[in-house]
Amino acid sequence: MRKRYKIGLIIIGILLVVAVAFGVAKIFFPKEEEKGEVNVSSVISNITDYGYTLDDRDTDYMKEVFDELETILSSSEIDYEAYAEALSKLFIIDFYTLDNKINKYDVGSLEYILSSYIDMFRQKAMDTIYRDMLDNTYRDRVQDLPEVTNVEVVSVEDTTYTLDEEVMDAFKVEVTFEYKEDLGYDTEGTIYLIRNANKLEIVSFTPSIEEV
């Protein structure tokens, strides 16, 4: 009887250890389906010749301005001042709307930036505006993040911009912007855009607080 009793206790002990280990594993290493739906986005529209895209996660306001830009760029004769205004609006909307971004590495507006400046811009954004963003890979983030609801173009000015010691024609666009909720982010800034062939590219953005 004692041997059976001891064996029974050993079996119970083993089962308890396995149960505890299983519980710990579920807490710290949950299965993918238990983590929730993976946060992904897909392109729903694009302006192919310019490399501009619109995602399903983008806000209604961004979709509205994107449609405006598409109309401008589909014209037989492009109004570059209107192009500069619409692109500046899209830049602000996508860059400062953090609520729909997955994490701090998911920096918005990169497709509007001069290609040689993208890496520098992304890194500066991750070190500043995007720095404290929590990860939302599994759509479980609980954090108040900004969403741009309106961008006003205050002025558009023909000017020049020196790029790699070359003086180039440029647009200087002054903007102010508003959010769904005031969380203390920038509300105004200055954007410089240069023309590269038929495409405008942003080469400088100075917000109201510090340059990005």
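Around T97, with a cut-off of 10 angstrom between Cβ atoms, what is the net charge of the other residues, counting Lys and Arg +1 and Asp and Glu -1? Around T97, the surrounding residues sum to -1. Length gained on full extension, Y161 to D127, computed as 0.36 nm times the residue gap minus the Cα-Cα distance: 9.6 nm.
Could you tell me the calculated FRET efficiency between Y138 and K63, based on Cβ-Cβ distance and R0 = 30 angstrom, to the nearest 0.05? For R0 = 30 Å, the calculated efficiency reads 0.75. Here r is the Cβ-Cβ distance between L183 and V43 and R0 is 22 Å; the resulting FRET efficiency, rounded to 0.05, is 0.20. Among the GluC sites (Glu not before Pro) in the stretch 105-210, those located in a DSSP loop and surrounded by at most 14 other Cβ atoms within 10 Å of their own Cβ are E165, E181, E210. The 1.4 Å probe gives accessible areas that order K101, K124, K89, largest first, as K124, K89, K101.
Scalar couplings 3J(HN,Hα) for the stretch 144-159, obtained by applying the Karplus form with A = 6.51, B = -1.76, C = 1.60 to θ = phi - 60°, are 7, 10, x, 9, 6, 10, 7, 10, 10, 7, 7, 7, 10, 10, 6, 8 Hz; x denotes Gly and Pro. For a quick check of your reading of the filter: which chymotrypsin sites (Phe, Trp or Tyr not before Pro) in the stretch 79-176 sit in a DSSP loop and have no more than 12 other Cβ atoms within 10 Å? Loop-located and lightly packed - Y105.
Take T137: with every protein chain present and a 1.4 Å probe, its accessible area is about 40 Å².
Across the stretch 143-194, the mean sequence separation of Cα contacts (distance under 8 Å, 6 or more residues apart), normalised by length, yields a relative contact order of 39 percent.
Taking amide H as placed 1.01 Å from N in the peptide plane, the amide H of E188 sits under 5 Å from that of F177, S208, each at least 5 places away or on another chain.
Sparsely packed loop sites in the stretch 49-109 (the GluC sites (Glu not before Pro) outside DSSP H, G, I, E and B with at most 10 other Cβ atoms within 10 Å) comprise E77.
The values are calculated or read from the model by the stated rules, or taken from the named source; none is laboratory data. All figures in this text were calculated on a predicted structure; none of them were measured in a lab. FYI the Cβ positions are ideal-geometry reconstructions off the backbone, even for glycines, and counts take in every protein chain you see. Surface areas here come from the heavy atoms of the whole protein model, side chains and all, with no ligands, DNA or RNA. Shrake-Rupley method; radii C 1.70, N 1.55, O 1.52, S 1.80 Å.
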